[in-house]
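No lab work stands behind these numbers, since they all come straight from the coordinates. Everything numeric in this text was worked out from a predicted model, so none of it was measured. For neighbour counting, all protein chains shown are included, and Cβ atoms are generated from backbone atoms with ideal geometry for every residue, glycine included.
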Amino acid sequence: MDAQQELSGWRKWMESIGDYVLFFSRFFRNIFAGGFEWSEFVRQCYEIGYRSMMLVGITSFIMGMVLILQLRPSLISLGAESMLPKTLSVALVREIGPVITAIICAGKIASSIGAELGSMKVTEQIDAMEVSGANPVQYLVVTRILATSFMIPLLAIIGDAIGLLGGFLALNLTDSISFSLYFNKCIASLDFTDLLPAVVKTVLFGFAVGFVGCYKGYHSNKGTESVGIAANSAVVTASLWIFIIDAIAVQITSLLFYK
Amino acid sequence: MKGPDEHIEPKQEAPETKPEVVIHAKSIKKSFGKKQVLKNISFDLKRGENIVVLGKSGQGKSVTIQCVVGMLQPDAGTLEVFGEDVTAMSDDDLKQLRMKIGFLFQGGALYDSMTVRENLEFPLTRVLKLKDKKEIDKKVEGVLDAVGLLDAIDKMPSYLSGGMRKRVGLARTLIVNPEIMLYDEPTTGLDPITSREISELINRLQRKYEISSIIITHDMECARITADRILVMDEGGYIAEGSYKELEKSDNEMVRSFFNQPS
């Protein structure tokens, strides 16, 4: 009986991988199928980008402040207090900014996409689109995944800038440094190998957030309980994917740029 | 529209015309896991005809019409719509076929994030690919007028009652001029007056647009008003077939139990 249960667990797992692959191929085919839904894409960019900006901004600002306050004693003890702007900017741009932004978006956006599509599934709205001859994947899925892939990198860049501003204010609580000197130090410490991998990484994070949200919503079962499950599962799975992508991206970046 | 106290006569039999079969189903079988939902379903739907499928919940009534529109694939049997085998159709052919079939879902299935107008514009711009704003407006207003809801054109679905949602859902399917309508419990959850109005509307629209329909229901008043022919379903198969008047006199206990419901 145990062996049978284990076999059925494996089978379910393999089936879900198959479903992910099929869903990806449907998404990919529909990007180039013609009749791209520009107005829905712009609406999603607004919903995903503009409506998340405040949350990302506040979180990044606090992260910048906290990092400076945490790093300062250690760097002072090493006699490297002047390295604070550089350390903060590298940490924020390479790692903390993209990951924090993506995790916030997983919580806010993946869950909202999962719940929205899940509820559309439960109330037969997706079926209604399908049987009318319209293409729900093109209208609902392609637009949302492309919008998250496009907007989350932008949010991360804005979040980085706001985080640096938070760091500047935290630094000025104890020390005195001019705005131009602080930002010159921050920007001078960054180069192409810091910026490009971070942007590429956030595009992948955005894709994961949109893809997982759409997949979970689109494949939710009937019943109102399924909507909650879809939203919850979207957040958990998207967050997990963000860390997996991050771990792989860091390895690739290290191999390519920091030998 | 008739008032609640007026008696609505059962549907008169259609005049003899050339009966073109638009849906031909033969020996359809469908299982979900170990449960066989459709055991041996055969029927023909003729052009301009209204078939009502009666049956208890969970007997596979909705599964039948989901197979017709290609949402589900039968495990065995022949299912032809306009002479084409639905089970062997490519995605593109299925899409073309679906443009000729309207499907009214139980709850109306209106798109929550869109106004009534946008709901109706959706199939026009996405399915028929219309671009002319004037033509789109004319069609939207025309079909909303036909279901008596022109006033609700700019409302969100959340502000509509159950009956209004079904009417808008009906308008959204009719706007692409389907040749076949599939109604999945069109009167469920509605009060008797609104149910009767929806049933009358189905008849009126059938006459106006010359549509063939399959109506899944367990509302006997709806069956009485709309049916040319009734199929009674039990345990995955049809156990009786005939007009409302014929089945009213049936000896079959299950059939009688439908007709002897307290009103």
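Per-structure values
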{"read-out": "Percent antiparallel among DSSP beta bridges (both partners in the protein assembly as shown, rounded to 5)", "value": "50 percent"}
{"read-out": "Area projected by the alpha carbon convex hull of the stretch A:122-185, averaged over all directions, nm²", "value": "7.1 nm²"}
{"read-out": "Over chain A: Rg over Rh, Cα atoms, Kirkwood Rh", "value": "1.07"}
{"read-out": "Separation between Cα centres of the stretch A:230-259 and the stretch A:67-129, rounded to whole Å", "value": "12 Å"}
{"read-out": "Rel. contact order, % - alpha carbon contacts under 8 angstrom, at least six apart, the stretch B:162-263", "value": "21 percent"}
{"read-out": "Convex hull volume per residue in cubic angstrom - Cα atoms of the protein assembly as shown", "value": "209 Å³"}
{"read-out": "Value of relative contact order over the stretch B:5-163, rounded to a whole percent, pairs C-alpha under 8 Å and six or more apart", "value": "18 percent"}
{"read-out": "Stokes-Einstein D (µm²/s) once Rh is taken as the Kirkwood radius of the stretch B:64-180 over alpha-carbon pairs, at 20 °C in 1.002 mPa s", "value": "141 µm²/s"}
{"read-out": "Ordering of B:250-260, A:223-233 by packing [mean C-beta count within 10 Å, highest first]", "value": "A:223-233, B:250-260"}
{"read-out": "Local net charge near A:A249, Cβ-Cβ under 14 Å (Lys/Arg +1, Asp/Glu -1)", "value": "-1"}
{"read-out": "Residues whose placed amide H lies under 5 Å from that of B:Y238, excluding near-sequence neighbours", "value": "B:S42"}
{"read-out": "Over chain B, equivalent-ellipsoid semi-axes from the Cα gyration tensor in Å", "value": "29, 24, 17"}
{"read-out": "Coordinate range along principal axes, alpha carbons of the stretch A:1-76, Å, largest first", "value": "59, 48, 19"}
{"read-out": "Computed Kirkwood radius, in angstrom, where 1/r is averaged over Cα pairs of the stretch B:148-263", "value": "15.5 Å"}
